[in-house]
């Protein structure tokens, strides 16, 4: 990515951090009380909590899809913090949330992984089922050209 693209991404990330609901940070430090991802059914956003090497939780509201077997899928830029954190530590927590990350239901433990490109088709179908074509348009307008995207799969712990 170009230096300009890096600066724009950094600016965008700082804007989203400031918009994040304080309850997201409180919830990220709380205990998981749900078993499985049933609380996510019908939600448009979830709070995805990944962990820094220090163990500090980092909450991120994301668009997601949930398949019939209870697996959660997220699409993200490949070089963002949550993807780097998941590569280093697959432990995550998820909860239904609003667009700013305020939880609207209980946290559940999960294990995340970055899907290989050949595994991405089912993940994209699950996301399309939850959002329709509007998500693709939003992503096309919001992402700098040439940014690599990956899919994350989260399974209940």
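The values are calculated or read from the model by the stated rules, or taken from the named source; none is laboratory data. What you see is a predicted model; the values in this text were computed from it and never measured. All Cβ positions, glycine included, derive from the backbone under ideal geometry; neighbour counts span all protein chains shown.
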**Study point:** Condition check for residue 39: modelled with pLDDT of 95 or more and part of a helix (DSSP H, G or I)
**Key:** yes
Check your understanding: Going by the structure shown, is residue 94 within 24 Å of residue 119 (Cβ to Cβ), surrounded by fewer than 23 Cβ atoms within 10 Å (Cβ to Cβ) and touching a strand residue (DSSP E or B) at 6+ places or on another chain (Cβ under 6 Å)?
Key -> no
Practice item. Please name all residue pairs, on different chains or six or more residues apart, with Cβ atoms under 8 Å, provided the first residue is in segment 109-136 and is within 23 Å of residue 59 (Cα to Cα) and the second residue is at pLDDT below 90 and surrounded by 15 or more Cβ atoms within 10 Å (Cβ to Cβ). Key: 127/135
Study note, to complete from the structure: Among helices (runs of 4 or more DSSP H) entirely inside segment 51-157, those with 1 or more residues being under 13 Å from the mean Cα position of the chain (by Cα) and within 22 Å of residue 19 (Cα to Cα) are 81-88
Exercise for review: Looking at (1) in contact with a helix residue (DSSP H, G or I) (Cβ under 8 Å, 6 or more places away or on another chain); (2) modelled with pLDDT of 95 or more; (3) crowded, with 18+ Cβ neighbours inside 10 Å, find the lone condition where residue 34 falls short.
Suggested key: (1)
Revision key, fill the gap. Expected output for segment 20-32 (first residue farther than 14 Å from residue 58 by Cβ, partner not in a loop (DSSP other than H, G, I, E, B), Cβ below 7 Å, 6+ apart or cross-chain) is 23/103; 32/93; 32/108; 32/109
